[in-house]
Amino acid sequence: MSAIPPPPNGSYPPPPGGLPPGNGGYGEYGGMQPNFGTPPNNYLVWAILTTILCCLPFGIVSIIKAAEVNSKWAGGDFAGAYASSAAAKKWATVSAIVGVVVGVIYVASGLATTTGSFSQF
Amino acid sequence: MLTTLTEHLTHVATRAAPYWRPVAVGVTALGAVALVATVDPHEAGHYPTCPSLFITGFWCPGCGSLRALHSLAHGDLVGALGMNILVVVAVPYLLWRWGGWLAATLGRPPRRRLAPAWAIWLLLGGILAFTVARNIPMFGPLLAP
């Protein structure tokens, strides 16, 4: 697991298969490099955790946003990828908070103990 | 009092080793798994019913996850698959990402390449299909908890 060695000065090899389209206008990100810089976090772990732990609608939105991060980054839309990353973080936070609040209300209301004849989680 | 405690904790956190977060999360997760492994979710009344099942009457993609985790902790892969396939798929991924997080705090350089987006779209489609299918009586015995 060593770090990627830096390429020799000024001799980046051309990417196989040519450059992807739609790369113009991002000169400040490194011009001809399609994958330059550190990709944003897609928060997929949070999306999966909230989906499995019962906050379904927001968990699904988080997964969609996570897919958008990877999709936009691969297509050269770096600003869009960062925007989707921020949205993924927001929805993961929303689902976590809603999940905790609903869970507390649910348990505190006594519904949880009076209904289940067996555990359904 | 609370402010002083928060300041104290922040001070401790900033001075602590950089890997304290993944280690703390790992210890907490191990504790949670130990609890679920000890207090059997297959038995009545040990845990509350899943809220979304109680409200909607449908199995959500997370229903059966505690029982699947219990079965996994006891090495019963078939039992876990019968309760919630999604959990069996998610656990290795979560372990892998936790390892990546720990490695990053230990100084590994960040990833330069992302997973292909189609893999996440496939995951999304799989979760939606799984949610629908486990509520269809024909697939219920196989997919519902």
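The values are calculated or read from the model by the stated rules, or taken from the named source; none is laboratory data. Keep in mind that what you see is a predicted model, and the values were worked out from it rather than measured. Note: ideal-geometry Cβ built from the backbone for every residue, glycine included; neighbour counts use all protein chains shown.
Annotations
- Only one of the listed residues (B:Gly79, B:Gly126, B:Gly64, B:Gly107) is under 18 Å from the mean Cα position of the chain (by Cα) and farther than 28 Å from A:Val102 by Cβ. That residue is B:Gly79.
- Residues that are closer than 30 Å to B:Pro137 by Cα and more than 10 Å from every other protein chain (Cβ to nearest Cβ) within region B:24-37 comprise just one, B:Ala37.
- Count of region A:47-99 residues which are closer than 21 Å to B:Trp98 by Cβ and surrounded by fewer than 21 Cβ atoms within 10 Å (Cβ to Cβ): 6
- For region B:12-37, a residue qualifies if it is assigned to a helix (DSSP H, G or I), at pLDDT below 75 and surrounded by 10 or more Cβ atoms within 10 Å (Cβ to Cβ), and the qualifying residues are B:Val12, B:Ala13.
- Residue within region B:59-73 that is surrounded by fewer than 18 Cβ atoms within 10 Å (Cβ to Cβ), at pLDDT 90 or above and in contact with a helix residue (DSSP H, G or I) (Cβ under 7 Å, 6 or more places away or on another chain) present: yes
- Inspection of region A:28-45 finds no residue satisfying the criterion of being at the interface with chain B (Cβ under 7 Å from one of its Cβ atoms), in a loop (DSSP other than H, G, I, E, B), modelled with pLDDT under 75 and within 20 Å of B:Val87 (Cα to Cα).
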